[in-house]
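*Asks:* First the structure, which I've put down as C-alpha cells, then a few questions once you've had a look.
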C-alpha cells in the first residue's frame, strides 16, 4: 500500500512540475511516517522512467504540525 502512495505522490509531483519540495500533509502521513521512511515509498515515488532524475532532486517532506491548515487559513484572512 505504501508503494501506491509513493507512486501517486510522484505522479502529482510530475503533474505540478515540482522543482522545490513535495509536502505530504493531512492526518495520515504523520501516522505512517515509519513506513514512509522505508524503501517502498521512495522507490515508487522515483519509478517514473526517464523522469526519475528530475524527481531525485525533489525532497519529500511530511508536515507534522496538525494545525498547518488553520495557520494557513488565518494568514489568508489576515492579509
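Any read-out appearing in this document is the output of simple, stated calculations on the displayed coordinates, not a laboratory observation. All values reported here derive from a predicted model rather than from experimental measurement. Note that we place each Cβ from the backbone using ideal geometry, even for glycine, and neighbour counts take in every protein chain shown.
*Asks:* Extent of the chain along each principal axis, from alpha carbon coordinates, in Å, largest to smallest?
*Replies:* Cα extents, longest axis first: 43, 26, 16 Å.
*Asks:* Among rounded, prolate and oblate, which fits segment 27-72 when a ≥ b ≥ c are the square roots of the eigenvalues of its C-alpha gyration tensor, a/c under 1.5 means rounded, and a/b larger than b/c means prolate? Provide the component values of the computation, followed by the final result.
*Replies:* Working: a/c = 3.69, a/b = 1.79, b/c = 2.06.
In terms of gyration-tensor shape, oblate.
*Asks:* For the chain, find the longest principal axis of its Cα atoms and tell me its angle to the long axis of helix 2-15, 0 to 90°, nearest 10.
*Replies:* It is inclined by approximately 80 degrees.
*Asks:* If I fit a long axis through the Cα atoms of helix 68-78 and take the longest principal axis of the Cα atoms of the chain, what angle between them do I get, 0 to 90°, rounded to 10?
*Replies:* 50
*Asks:* Helix-derived [θ] at 222 nm for the chain: sum -39500 (n - 2.57) over DSSP H runs of at least 4, divide by residue count, nearest 500? Can you show the working numbers first?
*Replies:* Details: 6 runs with 46 residues, N = 79.
Taking each H run of at least 4 residues, the total per residue is -15500 deg cm²/dmol.
*Asks:* Turning to a different aspect of this structure: Working out 0.36 nm times the residue gap between residue 50 and residue 1, then minus their Cα-Cα distance, what length gain in nm do you get to one decimal? Let's see the in-between values first.
*Replies:* Details: separation 49, 0.36 × 49 = 17.64 nm, distance 2.39 nm.
In short, 15.2 nm is gained.
*Asks:* Assuming R0 = 25 Å, what is the FRET efficiency of residue 78 and residue 23, from their Cβ-Cβ distance, to the nearest 0.05? Don't skip to the answer; put the middle values down first.
*Replies:* Values: r = 22 Å, r/R0 = 0.86.
That gives a FRET efficiency of 0.70.
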